[in-house]
Each structure stands twice: as structure tokens, then as C-alpha cells.
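Okay, structure first, notes after.
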Amino acid sequence: MGKDYSLADWHRILIGETPWTFLIEVVIRAGLTYVLIMLAMRLLGRRVASQYTLFELSVVVTLAGAIGVPLQAQERGMLPPLIIMAAVIIFQRVAARLSMKHSKVDGIVSGKVMTALDNGRLHLDVLRQTVLSREKIFSLLRMRNVQHLGQLSRVYIEPSGSLSVVWTDQPCPGLPIIPETDQELREAAASNDHYACSSCGHTVKAKEKPDSPCDFCQSTLWIRAAVELED
């Protein structure tokens with residue numbers, strides 16, 4: 001028969017089937033793990049410590065997976081995760097050296113910079129390729145104090161997933177990225193003689209809403225473009 005369980009068995013609830021003395025060993029293991037992780041991060045380099053690419057994120061997740069189980073299981077030793085950690089560090093450093101010498105290797109390992117926006121117009125194929133929604137990129141741009149896409153010359157998606165923004169010297173009306181819930185601000189920023197494709201942001205000069213599809217994405221949904229509001 002299976003073991004009887006009781007809700008009043010605080011020893012089992014708090015530390016499981018191990019003795020209380022194992023808590024002392026947990027503290028020792030945690031300290032050793034901290035030292036190993038700090039050493040591993042130093043050996044992996046400053047790039048890993050700043051912004052993660054998919055490759056470097058995989059390295060960190062691998063280290064976390066190797067360390068997590070022996071940190072809490074008394075029947076698991078610390079030597080196997082140490083071996084895993086050493087192997088991961090060696091692999092990462094070899095890949096980093098190859099990336100420095102060969103740009104193709106760097107593109108495979110770290111990923112490439114991709115242009116998400118060009119002169120106020122979104123590249124929808126890039127957004128689909130990077131699985132980045134328009135709403136997400138708009139949210140990130142609003143955090144950079146962007147009001148509409150006409151203010152931007154380029155937007156790059158870095159290998160880490162972050163955005164790099166290049167402002168244009170000659171802003172023009174563009175697709176508003178102000179949330180639709182703030183209709184008052186959208187109306188205040190609306191242009192009187194420009195309309196923008198609500199899909200890609202392509203802007204045309206017109207007094208009336210165009211009835212033809214967008215030249216770039218074939219969308220038929222047009223909205224009034226926005227101009228920059230003064231502070």
C-alpha cells in the first residue's frame with residue numbers, strides 16, 4: 001500500500017523526505033552554485049552579460065537546467081553539472097571565435113540585424129519572419145517617444161530582439177501608433193491631407209480616403225495619417 005499523507009505533516013511539506021540537516025547542505029550547494037555561475041558568466045564574456053541572443057539565451061538556460069536539479073536533490077552530486085558547464089563554456093567560446101573570423105558563422109549563431117521599417121513604412125515580411133506583431137513593435141516605439149511612423153527613417157531588429165531607431169531629419173505624416181483607446185489624442189494628431197495604410201504605414205497625400213489598395217501590401221484599409229504633436 002502507498003504511504004499515507006497528512007496535511008499536518010509539516011516536515012514533508014517544507015523539506016520533503018530529506019532530514020533537516022540537508023538544509024545545511026543546500027546552503028553549501030547554493031554558495032558553490034553561485035560561485036560556479038559567476039565564473040561561467042565571466043568565462044562566457046561580457047556579451048552574454050549584456051544582451052542575450054538566441055544562442056546565448058540557450059547557453060544560459062542550459063546552465064540553469066544543469067544546476068537546478070543537483071541544487072535540491074541530495075542524491076545528485078555537483079560534478080555532473082560542473083562537467084556540463086565546462087562543455088557549454090568551451091562550445092560557446094569556440095563558436096564566438098569562429099563568429100569573429102567568419103561573418104556567416106556569426107549570422108548562423110547570433111542571428112542577423114533585420115530592417116523592420118524603412119522611411120516610415122513597415123516591412124511586414126520581416127515582422128512575420130521575426131514573429132513580431134505590429135502591436136508589439138508599436139509598444140516598443142512608444143517607449144522611445146515615437147508618435148507616428150513618419151518620424152522614423154529606419155528601425156532595426158537586433159539579434160537580441162531589441163529595436164534600434166534612426167530618426168528622420170525631415171518628419172512627414174505617418175501611421176499613428178497612439179493607442180486606439182486614446183481617440184482624443186489621435187484626433188489631435190490627425191493630418192488633414194494625408195492618409196496612411198493601416199497595415200504597413202505607406203502614406204499618400206489625399207483629401208479623401210483612398211479607395212484603391214495599398215501599393216505595397218494591397219490592404220484597402222486607410223486611416224488619417226498623424227503629425228507630430230508639440231510638447
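All of the numbers you see were taken from the coordinates with simple rules; none came from a lab. This is a predicted model, so every value here is computed, not measured. Here the Cβ is made from the backbone with ideal geometry for all residues, glycine too, and neighbour counts use every protein chain on show.
What to note about this one:
- Sites listed here are trypsin sites (Lys or Arg not before Pro) in the range 66-125 whose DSSP assignment is loop and whose Cβ has at most 12 other Cβ atoms within 10 Å: 112.
- Springs between Cα atoms under 10 Å define the GNM used for the chain, and in it the highest mean-square fluctuation of 135, 184, 158 occurs at 184.
- Compactness relative to 2.2 N^0.38 Å, alpha carbon Rg of the range 59-101: 1.39
- Charge dipole of the chain (Cα centre as origin; +1 on each Lys and Arg Cβ, -1 on each Asp and Glu Cβ, all else neutral): 1040 debye, rounded to the nearest 20.
- Average silhouette area of the range 91-146, convex hull of alpha-carbon atoms, in square nanometres: 5.4
- FRET efficiency estimate (nearest 0.05) - Cβ-Cβ, residue 73 to residue 98, R0 35 angstrom: 0.45
- Cys with no candidate disulfide partner in the chain (beta-carbon separation under 4.7 Å rule): 172
- 10 Å Cβ shell holding at most 13 others, DSSP loop, chymotrypsin sites (Phe, Trp or Tyr not before Pro): longest site-free stretch of the chain: 21-231
- Rg/Rg_ref, the range 162-231, where Rg_ref = 2.2 N^0.38 Å and atoms are Cα: 1.13
- Choice from 131, 146, 60 showing the highest fluctuation, given a GNM over the chain with Cα pairs closer than 10 Å: 131
- Virtual spin-label span in nm between residue 183 and residue 144, 7 Å along Cα→Cβ: 3.0
- Dipole size of the range 114-226 about its Cα centre, with +1 on Lys/Arg Cβ and -1 on Asp/Glu Cβ: approximately 140 debye, rounded to the nearest 20.
- Karplus-derived 3J(HN,Hα), 6.51/-1.76/1.60, for each residue of the range 122-139, Hz, glycine and proline x: 6, 8, 5, 5, 5, 4, 5, 5, 8, 6, 10, 6, 4, 4, 5, 5, 5, 4
- Report summary: the helix-based calculation at 222 nm, which adds -39500 (n - 2.57) for every DSSP H run with n ≥ 4 and divides by the residues of the chain, gives -14000 deg cm²/dmol.
- Gaussian network model of the chain, Cα within-10 Å springs - most flexible of 221, 152, 14: 14
- Per principal axis, descending, Cα span of the range 106-175 in whole Å: 38, 23, 21
- Over the C-alpha trace of the chain, radius of gyration and Dmax come out as 26.6, 82 angstrom.
- The range 114-226: translational diffusion in µm²/s, Stokes-Einstein, Kirkwood Rh over Cα pairs, 37 °C, 0.692 mPa s: 233
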